[in-house]
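Some notes on the structure that comes next.
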Amino acid sequence: MPDLLDIRNLRIEATSYPPGEAPRDVVLVDDVSVSVAKGKVLGLIGESGAGKSTIGLSAMAYGRGGVRLTGGEILLNGRNIRLADPAALRALRGREVTYVAQSAAAAFNPAKRLMEQVIETSLTHGLMSRADAEKRAVMLFGKLGLPNPETFGTRYPHQVSGGQLQRAMTAMALCPKPDLVIFDEPTTALDVTTQIDVLAAIKEAIHDTGVAALYITHDLAVVAQVADDILVLRHGKKVEYGPTAQIITDPHQDYTRALVSVRSIDHVEKPEAPPVLSIQNVTARYRGTNFDVLKNVTVDLPAGQTLAVVGESGSGKSTLARAITGLLPPSQGRITFAGRELSRDLQSRSRDDLRELQMIYQMADTAMNPRQTVGTIIGRPLEFYFGMTGDEKRIRVQELLDEIEMGKGYIDRYPAELSGGQKQRVCIARALAAKPKLIICDEVTSALDPLVADGILKLLLNLQAQEHVAYLFITHDLATVKAIADRIAVMYRGQVVRYGSKTDVLTPPFDDYTDLLLSSVPEMQLGWLEQVLAHRKMESAGN
Amino acid sequence: MHPILKLVVQRIALGLLLLLAVSLLIFLGTEALPGDVAQAILGQSATPEALANLRESLGLNQPSYVRYFQWLGGILTGDFGVALTNGQDIGQAIGQRLGNTLFLATCAAVISVPLAILLGLVAARYNGRWPDKVISGVTLSTISLPEFVAAYFVIFLLTQVIPIFQPVAMVFPGMSFWDRLQAVALPVIVLVLVVLAHMMRMTRAAILNVMQSAYIETAELKGLSPMRVIWQHAFPNAIAPIVSVVVLNLAYLVVGVVVVEVVFGYNALGQYLVDHVAKRDLPVVQAVGLIFAAVYIGLNILADVIAIVANPRLRHPK
């Protein structure tokens, strides 16, 4: 029997329009062959730009933007769909193959009720009656662990949480009983505590419905939990293709080995030291609300060390940064920095206060003026705080570029000409230029590929050793915390629920929330998901 | 209170406040003109005694704020005063013409709004291909023609070349509805040609903007037909910008069509206003100005309310 999906020598191209140059064709996917049998799950893994989503969408013969499927064969149920006409494609999309997008929040139509959207394909393709479709949708809502499956569909997308939307999207994909579902980073945008539940729900739904799946992700630990086979991609080419167990335990290629061992930096924590930043009983709320987003937060950050603030989205991590920087003046509490008490609001802080406290953001892209060169961007704080101009400034900028390991040739480039990791490095150099005592790093590696993120973390550690700068490191990623922190504060709903040295915080006994958080981080290990779920079941039964 | 109801009440209250401010502006504007009503009535050869007597009898000697509140009070009780030129009751004169204005505007709107939206959807569906180019080309040409040129062209075409309509759009009390429709056919055609392009272009732009969203990709990957994607998934999210432009054009159909009225001899508010501006009949100008302002503000409140109701986040709060 032929495989359900059989991709042979696939080649995908697009036209790129670099500014100031003639348009040229670029190859996104080159000579990739892969197949999925009925009821099996294939994991596609690689960094951004590796072509995983492009290959995933090619299973529906869909090219995003101007992407063209230029060569090879895409055999779906035995027939080549690469050059099928639009009517034939409409007939197979949403019926034989369905799609689960990364951001369900954006992928649901905000103007329509969930039920209408979930059963839409079953009706338009004439697969079942409205009553049957609704019944199946309710059954799927229940299977995916959504609350009140009977009435869940009457809600609008904005009325449910991100994790619930992701499950609803899975229900939408499964409703028309497709042969193949493409999951495109379905848990990447979720908190780690939500991710594990959604992952388990998806895995169970795949198993129970017997559907085949393409599971696309950049996180090898996640895909190891659901896939039967894994295809590792890089720059649009196959790196390695094999059964999941072999890829995880016995990778043949260097690149795969790097992916497997990623996030294994372990940082030895530094001994106690006098604090550079001391936050005492800080409480804050946004104007016009009567809800405290920070409640009585007390933490210290020793000079030249790293305090990691962890928690899920909405826990108040970034709000804490806003309170420290003065963007959100606290209603109560004191913030002491470098031996002096900081005034609450930004306007009444001295220039030294501003200089010694710098920030790096998650989105390096939006944190830089796209019309300024790297030299101008890094030179600005030199000019502003130290009055440097001309050659003096240029020499200092070059020194900073050397420090962030970017060397010559970058000073006159524009941000658009840099990669994601390089952009983040420039932001780090800009922060360093002010000679700060403290840098607040707000999810600085979250938008980066794992290997690139590792590079940034190593750089930050080196810089800390050289410059004796302290970091307040905000992240939701516990692997990052292990790699960089000296002290850890776990935040939940605006409060610090656990705080201390890294070893203390990460050593049992845990409080309930920290336990949940720590045990939810996917581990590069087969069967990890089942173990955690079984463990949790036992505990809840024991209670 | 439901948040929508609260927002609607807020908008209406703001609208009334705005209307009050406009009435003050209109009053002050006419106040600031050189000369006054007495002088306008008696003309330049008036003797100072005659002027003083007339001012006394018209109450013009009272301070302006007293006269403003008298004027405002009159309007609130339905009394717009009398026209200086012919002594007619302004309320009565306006009432009939306002009816004619609204009839013409409604006829034009009933045809042009659905047509513009439909053409906009089709143009968006075939974005950049020949149906889009034809629709855009034709509607942009008609909006580029001055109204009177379009009017004469339509008159020439439909009364001379193909003689199916009367060139004059005379209406009078007691006319049957059907006769009225026939009478306004030509001006309606001209107005449709004039307002179509703006609404069509905005519909097209709003739809194309929404077509960039991730949920449109979801709809395409569901294998839905292009027209269903546009109608079911794009249009409900593009209502707010479309409505705001539709309303702008509706307001224009009520307050801005004096040229078309004159060309077709249609007896409506625009022509009435321009006649009395020429004669410096200030009470009429004030009254009509206030009515036009009320129409503008009312329609814009309507647009706001529709935009609010079309937003599921406001309709169904968490």
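The values are calculated or read from the model by the stated rules, or taken from the named source; none is laboratory data. Just so it is clear, the model here is predicted, and its values are computed rather than measured. Positions of Cβ are generated from backbone atoms using ideal geometry, with glycine treated the same way; all protein chains shown enter the neighbour counts.
Summary of computed values
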| read-out | value |
| --- | --- |
| Some residue of segment B:218-239 being within 14 Å of the chain's Cα centre (by Cα) and hydrophobic (A, V, I, L, M, F, W, C) | no |
| Of the criteria (1) part of a loop (DSSP other than H, G, I, E, B); (2) basic (Lys, Arg); (3) buried (at least 24 other Cβ atoms within 10 Å of the Cβ), which one residue A:177 fails | (3) |
| Matching residues, segment A:355-378, being assigned to a helix (DSSP H, G or I) and touching a residue at least 24 places away in the same chain (Cβ under 8 Å) | A:355, A:356, A:374, A:375, A:377, A:378 |
| Subset of segment A:17-37 (residues that are modelled with pLDDT under 90 and either among the charged types (D, E, K, R) or farther than 13 Å from residue A:236 by Cβ (or both)) | A:17, A:18, A:19, A:20, A:21, A:22, A:23, A:24, A:25 |
| Some residue of segment B:201-221 being basic (Lys, Arg) and more than 21 Å from residue B:139 (Cα to Cα) | no |
| Any chance residue A:326 is within 18 Å of residue A:473 (Cβ to Cβ) and either outside the structural domain of residue A:218 (by TED's automatic domain parsing) or not aromatic (Phe, Trp, Tyr) (or both) | no |
| Extreme residue, nearest to the other protein chains (Cβ to nearest Cβ), among residues of segment A:124-149 that are surrounded by fewer than 17 Cβ atoms within 10 Å (Cβ to Cβ) and more than 25 Å from residue A:196 (Cα to Cα) | A:126 |
| Residue, surrounded by the fewest Cβ atoms within 10 Å (Cβ to Cβ), within segment A:401-431, restricted to residues that are part of a helix (DSSP H, G or I) and without any contact (Cβ under 8 Å) to a residue 40 or more places away in the chain | A:402 |
| Residue tally, condition within 27 Å of the chain's Cα centre (by Cα) and not in a helix (DSSP H, G or I), over segment B:142-167 | 5 |
| Helices (runs of 4 or more DSSP H) lying entirely in segment B:12-93 (those with 1 or more residues that are surrounded by 11 or more Cβ atoms within 10 Å (Cβ to Cβ) and in contact (Cβ under 8 Å) with a residue 24 or more places away in the chain) | B:37-42, B:64-76 |
| Counted residues, segment A:383-400 - those being surrounded by 16 or more Cβ atoms within 10 Å (Cβ to Cβ) and within 16 Å of residue A:435 (Cβ to Cβ) | 6 |
| Residue check for residue B:138: surrounded by 16 or more Cβ atoms within 10 Å (Cβ to Cβ) and either over 17 Å from residue B:263 (Cα atoms) or more than 14 Å from chain A (Cβ to nearest Cβ) (or both) | no |
| Test: residue B:131 is part of a helix (DSSP H, G or I), more than 18 Å from residue B:261 (Cβ to Cβ) and more than 23 Å from the chain's Cα centre (by Cα) | yes |
| Set A:42, A:10: member being over 26 Å from the mean Cα position of the chain (by Cα), at pLDDT 90 or above and either more than 24 Å from residue A:84 (Cβ to Cβ) or buried (at least 22 other Cβ atoms within 10 Å of the Cβ) (or both) | A:10 |
| Qualifying residue in segment A:138-151 (condition: part of a helix (DSSP H, G or I), more than 15 Å from residue A:117 (Cβ to Cβ) and of a type in the set (S, T, N, Q)) | yes |
| Test: residue A:187 is within 10 Å of chain B (Cβ to nearest Cβ), in contact with a Leu (Cβ under 8 Å, 6 or more places away or on another chain) and farther than 20 Å from residue B:216 by Cα | no |
| Helices (runs of 4 or more DSSP H) enclosed by segment A:243-353 - at least 1 residues per element that are touching a helix residue (DSSP H, G or I) at 6+ places or on another chain (Cβ under 8 Å) and of a type in the set (Gly, Ala, Ser) | A:254-260 |
| Count of residues meeting criterion [more than 7 Å from every other protein chain (Cβ to nearest Cβ), in contact with a strand residue (DSSP E or B) (Cβ under 6 Å, 6 or more places away or on another chain) and either free of Cβ contacts under 8 Å to residues at least 60 places away in the same chain or hydrophobic (A, V, I, L, M, F, W, C) (or both)] in segment A:83-115 | 2 |
| Matching residues, segment A:33-82, being without any contact (Cβ under 8 Å) to a residue 24 or more places away in the chain and closer than 30 Å to residue A:251 by Cα | none |
| Residue count for segment A:203-231, restricted to those that are touching a strand residue (DSSP E or B) at 6+ places or on another chain (Cβ under 7 Å), within 18 Å of residue A:523 (Cα to Cα) and aliphatic (A, V, I, L, M) | 6 |
| The one condition in (1) more than 14 Å from chain A (Cβ to nearest Cβ); (2) within 18 Å of the chain's Cα centre (by Cα) that residue B:281 fails to fulfil | (2) |
| Some residue of segment A:161-169 being within 21 Å of residue A:62 (Cβ to Cβ), more than 14 Å from chain B (Cβ to nearest Cβ) and among the small types (Gly, Ala, Ser) | no |
| Within segment B:182-277, helices (runs of 4 or more DSSP H) holding 1 or more residues that are surrounded by fewer than 21 Cβ atoms within 10 Å (Cβ to Cβ) and within 14 Å of chain A (Cβ to nearest Cβ) | B:214-221, B:239-255 |
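Yes/no per residue for (1) over 19 Å from residue B:272 (Cα atoms); (2) among the polar types (S, T, N, Q):
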{"site": "B:19", "(1), (2)": "yes, no"}
{"site": "B:35", "(1), (2)": "yes, no"}
{"site": "B:44", "(1), (2)": "yes, yes"}
{"site": "B:90", "(1), (2)": "no, no"}
{"site": "B:103", "(1), (2)": "no, no"}
